[in-house]
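What follows is calculated from the coordinates using simple rules that are stated; it is not laboratory data. Computed from a prediction, not measured in an experiment: that's the story for all the values here. All Cβ positions, glycine included, derive from the backbone under ideal geometry; neighbour counts span all protein chains shown.
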Amino acid sequence: MADPASLINWSLLALEPPGWGGVLLKGLMNSIVIAIGGYTFGLVLGIGGAVGKLYGGPITRDLMECYTTIVRAVPELVLILLLYYAGTDLLNHLLGLFGFSEVDISGLAAGIFVIGIVQGAYSTEVLRGAIKAVPAGQIEAARAYGMSPTKVMTRITLPAMLPYAIPGLSNLWLIATKDTALLAVVGFSELTLVTRQAAGATKAYLLFFCAAGALYLALTLVSDFVIKIIERRARRGFVEQS
Amino acid sequence: MTGVPLPDTTPPDVTTHAMAILPEDLPTADSFFRPHRIVLILIAAVLVFCIAWFMRWDWIPQYLPKLGHGIIVTLAMLFSTAILGFVLAVPLGLVQVTGPWPLKALAKTFCTIIRGTPLLLQLWLLYYGLGSLFPQFPAIRQSFLWPYLRESWPYGVAALTISFAAYEGEVMRGAFAGVPAGELEAARAYGMSRWTMFRRIWLPRAIHRALPTLNGETVLQLKATPLVATITVIDVYAVISKVRQDTYITYEPLLLLALIYMCLTGILVMAFRYLENRIPTRGA
């Protein structure tokens, strides 16, 4: 049994059905879709949260603070379980209230929702810091030109804060891709769960977990490459500080 | 030294702060006594009362001893892996700053691989992968380690330690690189040997620089510990999962679990605030 040749059976990774390569790639696709969806949803929540925290009234501010504090203090795994069950239950209750029949919420939508809520709290904090880094004079100048608060936001504050936010936001993207693995615990067939299923079926645990690790690593490295390009573009015109 | 933060140390700092509560986020006592906050606290109190009154909590007494045990396991996981991970992180950070290039490349590759893959996958790779590999070697089966390798917690400790070391290694690299060269030159001018200089100047200064991020990473490590429940370590998360399976109650155990983790995080952060306040800093 300890023969190394029996440990590495490359045909198991073949794309066609006897091999599990296709299943793994499909799991990777699911992970990427959830990461993109959750990240985007989180970014929208984050912009709202950051604006609420900086410019909202006292009650809005405190509610936002509660949101970010809870998400930052409770493990993602626990949040994912809570939101997964509570979110689907709540939606079905609401639908029942309005006289619709219960729907079976797809794992994809629930996963995006859950990752999005978690990412929303993180990006709230990142964006708040970035907006605060925008020189106050620029915002005052925009106001002096008679721009409405929304216009100041979309034309000045958000574009100007972007270079400050990009390092934090790119880290959050990498975290989002890795957080999708937690959905394996609620039974959504993303990369980590299908890997475990494949490994359990074939008993080639090391091979499949290493293969999945390579896929995640490739995703991270490609993301890193793209982030570097975006960062260089966003920081053009900045004086290099040293 | 006024300690101007170098750009090198800021990026992980920002993300850590976004993901983990740091001592500066703790509210002060008098911040609660504002009119709108008193109203909000009253509303929250009513909500908590409703949760306590209308939901089912009769299972708690029965599971209390197990919950206590689970919390101890969680804390043991946190502290053992944070300490072991930090011990590994110091050389990882150091060789990336001064080491010869093969070591530098090795440390960098290690950090990249660990930081680029999910912790859950690493955990399962160690537990299922190595766990299925070990029994095939008679030498391992007969060694004194075998009784431990048949348990699940060593794999949990190993995975959490490795992951913490990789993230901390990056932080320490930035911190080592950020110690001003003048201080190290001064140490050398005093005739300190390399080891004395490292022990007396470089390491303490680097730890001091990295302290806020280290605290944040430790809070993140607490948030990572429930993953070990997926490899049958009975921590507080696993106890709650057991409650949910036994009683078919969905939400109440999870709410209690969230509360437990919030309390643990709060206590941890308060401890860090106490420690940070004890470290003397010269005002700028």
**Message:** Checking the conditions here, which among A:V152, A:V185 is of a type in the set (A, V, I, L, M, F, W, C) and closer than 24 Å to B:Y128 by Cα?
**Reply:** A:V185
**B:T230 of a type outside the set (K, R), under 16 Å from the mean Cα position of the chain (by Cα) and crowded, with 21+ Cβ neighbours inside 10 Å** = no
**Asked** within 30 Å of B:E276 (Cβ to Cβ) and of a type in the set (F, W, Y), is that true of B:F176?
**Response** yes
**Residue, farthest from B:L214 (Cα to Cα), within the stretch B:132-144, restricted to residues that are hydrophobic (A, V, I, L, M, F, W, C) and assigned to a helix (DSSP H, G or I)** = B:A139
**Message:** Would you confirm, using the coordinates I've provided, whether B:P147 is surrounded by fewer than 12 Cβ atoms within 10 Å (Cβ to Cβ) and not in a loop (DSSP other than H, G, I, E, B)?
**Reply:** yes
**Fill in**
The helices (runs of 4 or more DSSP H) lying wholly within the stretch B:153-228 that contain at least 2 residues that are polar (S, T, N, Q) and at negative phi are B:153-178, B:203-224
**Request:** Please work out if A:R72 is among the charged types (D, E, K, R), within 14 Å of chain B (Cβ to nearest Cβ) and out of contact with any Lys or Arg (no Cβ under 7 Å at 6 or more places or on another chain).
**Result:** yes
**Request:** Among what's in the stretch B:76-112 and is without any contact (Cβ under 8 Å) to a residue 12 or more places away in the chain and within 14 Å of chain A (Cβ to nearest Cβ), pick the residue that is surrounded by the fewest Cβ atoms within 10 Å (Cβ to Cβ).
**Result:** B:T109
**Complete:** Of A:V114, A:V78, the only residue that is under 29 Å from A:V185 (Cβ atoms) and away from every other protein chain (no Cβ under 12 Å) is A:V114
**Considering residues of the stretch A:202-223 that are without any contact (Cβ under 8 Å) to a residue 12 or more places away in the chain and part of a helix (DSSP H, G or I) only, the residue farthest from the other protein chains (Cβ to nearest Cβ)** = A:V222
